[in-house]
Structure formats: C-alpha cells, structure tokens
Amino acid sequence: MDIVIHTTFLPHTDPDASLAFYRDLLGFELTQDVGQGTMRWLTLVSPAQRDVRLVLTPPAADPGVTEDERRTIAELMAKGSYQSIILGTHDLEGVFDRLQAADAEVVSEPTEQPWGVRDCAFRDPAGNMVRIDEVGRS
C-alpha cells in the first residue's frame, strides 16, 4: 500500500494574522489564496516538504454547520482546544526563540517529554495548538 499525508486543515479566524504566523515566522510558502475578506482558504507548503499541504480554512464556511455549532467551534478555538498540529525542526531552540521574540503565545518552552521527544508549543493566531518537535536528534 502507498498512502501518504497529502493535505491537512486548520481553521483560521484572521487570514492575515495566520499568514504572518505560518509564512513569515515559520517559513511556509503560500501556494494559494482563495476567497476574500475572512472567507479565505490559504494553502501553504514547507520548502522542505512541498508535497504536503497545510490549508487554513474559515471555520464558518461549511454550509452544514448550524449557528449553535459555529458558536461551539468559536468557543473551542478561543480555548485552544479545537485543532492542533505537530511540526518538526532540527533547530528547536532557534524556532522557539524566533516565535517568542515575535510575541507568539507560548504554551510550553523546549522540554524533554516523558514519551521521548523534545518539543515546545505555541498557539497560532486562531488558538490552534502548534507543537514543534525536535527531529534528527541522536
């Protein structure tokens, strides 16, 4: 079987703030920007992994979601408990320092986790949990 991760989705509440976080701070490249205003779908790729897409979506865009569900989603996003992503880097300290200097919301500083990884965590502008693992350590 030949199955790979092709695309993953995260909601955004402010496309420009999300671009500043993922493109300008983390170095992702914007490949598509579809829509207008807050109803924009932003597709980004890592220069190191161009075949995997991160699509930032407006959470209210799904026509099958009720107003009550939209409110619940907004509440969960505000708490940072709706969606998450785990990224990887060879330079955990450098990435941490860059995000911290840009006033990104720090959830945890670089830490050795009991499950065997060294990581840190931030919230993106929409409240999504962004964990960053250190990869390639020996």
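Brief remarks follow.
Condition check ((1) farther than 15 Å from Arg123 by Cβ; (2) surrounded by fewer than 17 Cβ atoms within 10 Å (Cβ to Cβ); (3) in contact with a helix residue (DSSP H, G or I) (Cβ under 7 Å, 6 or more places away or on another chain)) across all residues:
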position: Pro15; (1), (2), (3): yes, no, no
position: Arg50; (1), (2), (3): yes, yes, no
position: Arg53; (1), (2), (3): yes, no, no
position: Arg71; (1), (2), (3): yes, yes, no
position: Ser108; (1), (2), (3): no, yes, no
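- Scanning the stretch 88-106 for residues that are crowded, with 19+ Cβ neighbours inside 10 Å and not aliphatic (A, V, I, L, M) yields Thr89, Phe96.
- For the stretch 110-129, a residue qualifies if it is free of Cβ contacts under 8 Å to residues at least 40 places away in the same chain, of a type outside the set (Val, Ile, Thr) and either within 22 Å of Leu54 (Cβ to Cβ) or surrounded by 14 or more Cβ atoms within 10 Å (Cβ to Cβ) (or both), and the qualifying residues are Pro110, Arg118, Asp119, Cys120, Ala121, Phe122.
- Here Arg137 fulfils each of the conditions (1) assigned to a loop (DSSP other than H, G, I, E, B); (2) of a type in the set (Lys, Arg); (3) at pLDDT 90 or above apart from (3).
- Search result, residues across the stretch 17-37 that are polar (S, T, N, Q) and loosely packed, with under 14 Cβ neighbours inside 10 Å: Thr31, Gln32, Gln36
- Tabulated pairs, the stretch 56-80, first over 21 Å from Ser18 (Cα atoms), second assigned to a helix (DSSP H, G or I), C-beta under 9 angstrom, 6+ apart or interchain: Val65/Ile73
- Single condition Leu92 does not satisfy, out of (1) out of contact with any Cys (no Cβ under 7 Å at 6 or more places or on another chain); (2) touching a residue at least 12 places away in the same chain (Cβ under 8 Å): (1)
- Residue check for Thr38: closer than 29 Å to Asp97 by Cα and of a type in the set (Ser, Thr, Tyr): no
- Here is the figure for the stretch 1-57: residues that are polar (S, T, N, Q), touching an Asp or Glu at 6+ places or on another chain (Cβ under 8 Å) and part of a loop (DSSP other than H, G, I, E, B) total 1.
- Counting residues in the stretch 21-31 that are farther than 21 Å from Asp133 by Cα and at pLDDT 95 or above gives one or more.
- Flag for Leu76 being of a type in the set (A, V, I, L, M), farther than 28 Å from Gly136 by Cβ and surrounded by 14 or more Cβ atoms within 10 Å (Cβ to Cβ): yes
- Assessment of the stretch 92-113 against the conditions (of a type outside the set (S, T, N, Q) and farther than 28 Å from Gly136 by Cα) yields no matching residue.
The values are calculated or read from the model by the stated rules, or taken from the named source; none is laboratory data. The structure displayed is predicted, hence computed values, not measured ones. Note that each Cβ is placed from the backbone with ideal geometry, even for glycine, and that neighbours are counted across all protein chains shown.
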